[in-house]
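Peer 1: I am attaching a structure below and will ask some questions about it afterwards.
The values are calculated or read from the model by the stated rules, or taken from the named source; none is laboratory data. These figures come from a predicted structure and were not determined experimentally. Note: ideal-geometry Cβ built from the backbone for every residue, glycine included; neighbour counts use all protein chains shown.
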Amino acid sequence: MFKRVLLKLSGEFLAGESGFGISPETTAALARRITDALDGTDIELSIVIGGGNLWRGARNGQGMDPATADYIGMLGTVMNAMALQDAMESAGRPTRVMSAIQMAAVAEPYIRRRAIRHLEKGRVVIFGGGNGAPFFTTDTTSTLRALEVGADVVLMAKNKVDGVYDSDPRKNPDAKFIAQATHLQVVEQRLEVMDATALTLCMDKGLPIVVFDLFQEGNLPRLFRGERVGTLIQS
């Protein structure tokens, strides 16, 4: 059973049916899903959320300096973190937003020991601003923050994808579900779990990953209770 958990969320989870921007209703529903799963547990939860609902450097930043495009994306993750914080606190869960890019008026600066202290006090810590440097994805940020705060696992939340398959189940009806694999098997078979930098770091440090469908009712509470859900990747 995991005690300290890092949950990786997609920015699109906040967008609603439009697929773009931040929907207050959709964000509130997501916050309730997370807070309800935490109720009655002693899980210490941190969250990294992407910014794809607001900005994707490779798509929106065409013609721009790549580093500038990435910084804009990192600012988008802070906006998402603030929206999620507001929704989670409205649902009764104390949170802190910590940003790798300093913006003291809206978020605490990321300080590792302070983040750990927040977790120990039962606050959900939402990490924004990526890792403060361009050319890294939020997958890599998730892995880095998980290792820094001593998380037991990275939970890779998906929507309508219940785990890892040997091929894309949306294109191949014969795709086979993989309940458990090693990091090396995921690398060798080029399974789409997270980017290569993040996956290699997890493999080097022995950090487990669980890929699961966040929106399948009951999945997150089951994970927090220590039950097997989705695909487990470990050394």
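Peer 1: List, please: which pairs have Cβ atoms under 8 Å, are six or more places apart or on different chains, and start with a residue in the stretch 156-172 that is loosely packed, with under 12 Cβ neighbours inside 10 Å and among the hydroxyl-bearing types (Ser, Thr, Tyr) and end with one that is modelled with pLDDT of 90 or more and in a loop (DSSP other than H, G, I, E, B)?
Peer 2: Matching pairs, first to second residue: none at all.
Peer 1: Within the stretch 1-17, how many residues are surrounded by 19 or more Cβ atoms within 10 Å (Cβ to Cβ) and either part of a strand (DSSP E or B) or basic (Lys, Arg) (or both)?
Peer 2: 5
Peer 1: Looking only at the stretch 71-97, count every residue that is within 23 Å of Asp39 (Cα to Cα) and touching a Phe, Trp or Tyr at 6+ places or on another chain (Cβ under 6 Å) and tell me the total.
Peer 2: 0
Peer 1: Another question about this same structure. Can you pull out every residue in the stretch 112-153 that is in a loop (DSSP other than H, G, I, E, B) and not hydrophobic (A, V, I, L, M, F, W, C)?
Peer 2: Within the stretch 112-153, the first condition is being in a loop (DSSP other than H, G, I, E, B), and the residues that meet it are 121-123, 129-137, 150-152.
If the condition is that a residue be in a loop (DSSP other than H, G, I, E, B) and not hydrophobic (A, V, I, L, M, F, W, C), then Lys121, Gly122, Arg123, Gly129, Gly130, Asn131, Gly132, Pro134, Thr137, Gly150, Asp152 are the ones that fit.
Peer 1: Please go through the stretch 31-56 and give me each residue that is without any contact (Cβ under 8 Å) to a residue 24 or more places away in the chain and part of a helix (DSSP H, G or I), ordered by number. Spell out how you get there, then give the answer.
Peer 2: First, the residues of the stretch 31-56 that are without any contact (Cβ under 8 Å) to a residue 24 or more places away in the chain: 39-40, 55-56.
Scanning the stretch 31-56 gives no hits.
Peer 1: Would you mind telling me which numbered condition in (1) part of a helix (DSSP H, G or I); (2) of a type in the set (D, E, K, R); (3) within 30 Å of Gln234 (Cβ to Cβ) Arg96 fails?
Peer 2: Here Arg96 meets the rest and fails (1).
Peer 1: Considering only the stretch 18-30, state which residues are of a type outside the set (Asp, Glu), part of a helix (DSSP H, G or I) and without any contact (Cβ under 8 Å) to a residue 24 or more places away in the chain.
Peer 2: Ser18, Thr26, Ala29 - these are the residues of the stretch 18-30 that are of a type outside the set (Asp, Glu), part of a helix (DSSP H, G or I) and without any contact (Cβ under 8 Å) to a residue 24 or more places away in the chain.
Peer 1: Only one of (1) crowded, with 17+ Cβ neighbours inside 10 Å; (2) of a type outside the set (Phe, Trp, Tyr); (3) out of contact with any strand residue (DSSP E or B) (no Cβ under 7 Å at 6 or more places or on another chain) fails for Met194. Which number is that?
Peer 2: Going through the list (1) crowded, with 17+ Cβ neighbours inside 10 Å; (2) of a type outside the set (Phe, Trp, Tyr); (3) out of contact with any strand residue (DSSP E or B) (no Cβ under 7 Å at 6 or more places or on another chain), Met194 breaks only (3).
Peer 1: Pull out all pairs, ordered by first then second residue, where Cβ-Cβ is under 7 Å, the residues are six or more apart or on different chains, the first lies in the stretch 99-120 and is under 15 Å from Gly132 (Cα atoms), and the second is among the aliphatic types (A, V, I, L, M) and assigned to a loop (DSSP other than H, G, I, E, B).
Peer 2: Ser99/Ala107; Tyr110/Ala100
Peer 1: I've got another one for you. State whether one or more residues within the stretch 62-79 are touching a residue at least 24 places away in the same chain (Cβ under 8 Å), among the charged types (D, E, K, R) and in contact with a Gly (Cβ under 7 Å, 6 or more places away or on another chain).
Peer 2: Checked the stretch 62-79: at least one residue is touching a residue at least 24 places away in the same chain (Cβ under 8 Å), among the charged types (D, E, K, R) and in contact with a Gly (Cβ under 7 Å, 6 or more places away or on another chain).
Peer 1: Residues being farther than 12 Å from Leu54 by Cβ and either in contact (Cβ under 8 Å) with a residue 60 or more places away in the chain or assigned to a loop (DSSP other than H, G, I, E, B) (or both): count how many of those fall in the stretch 80-93.
Peer 2: So the answer is 6.
Peer 1: Now, a different point. Among the candidates Glu108, Glu89, Glu120, which residue alone is acidic (Asp, Glu), at pLDDT 95 or above and over 24 Å from Thr41 (Cβ atoms)? If you could, list the steps in order and put the result at the bottom.
Peer 2: On the way: Glu89 fails: over 24 Å from Thr41 (Cβ atoms); Glu120 fails: over 24 Å from Thr41 (Cβ atoms).
Matching residue, one of Glu108, Glu89, Glu120: Glu108.
Peer 1: Please specify each residue of the stretch 204-225 satisfying the condition of being among the acidic types (Asp, Glu) and more than 21 Å from Arg32 (Cα to Cα). Give the derivation first.
Peer 2: Taking the stretch 204-225 as the starting set, the residues that turn out to be among the acidic types (Asp, Glu) are 204, 213, 217.
Once the filter is applied, which keeps residues that are among the acidic types (Asp, Glu) and more than 21 Å from Arg32 (Cα to Cα), the stretch 204-225 yields only Asp204.
Peer 1: Residue pairs, Cβ under 8 Å, 6 or more apart or interchain, first in the stretch 191-205 and small (Gly, Ala, Ser), second in a loop (DSSP other than H, G, I, E, B). List them.
Peer 2: Ala198/Thr137
Peer 1: Confirm whether Thr140 is closer than 30 Å to Ala175 by Cα, modelled with pLDDT of 95 or more and buried (at least 20 other Cβ atoms within 10 Å of the Cβ).
Peer 2: Values: closer than 30 Å to Ala175 by Cα: yes; modelled with pLDDT of 95 or more: yes; buried (at least 20 other Cβ atoms within 10 Å of the Cβ): yes.
For Thr140, the condition - closer than 30 Å to Ala175 by Cα, modelled with pLDDT of 95 or more and buried (at least 20 other Cβ atoms within 10 Å of the Cβ) - is met.
Peer 1: Only one of these conditions is not met by Arg190: (1) modelled with pLDDT under 95; (2) of a type outside the set (A, V, I, L, M, F, W, C); (3) within 20 Å of the chain's Cα centre (by Cα). Which number is it?
Peer 2: The number of the failed condition is (3).
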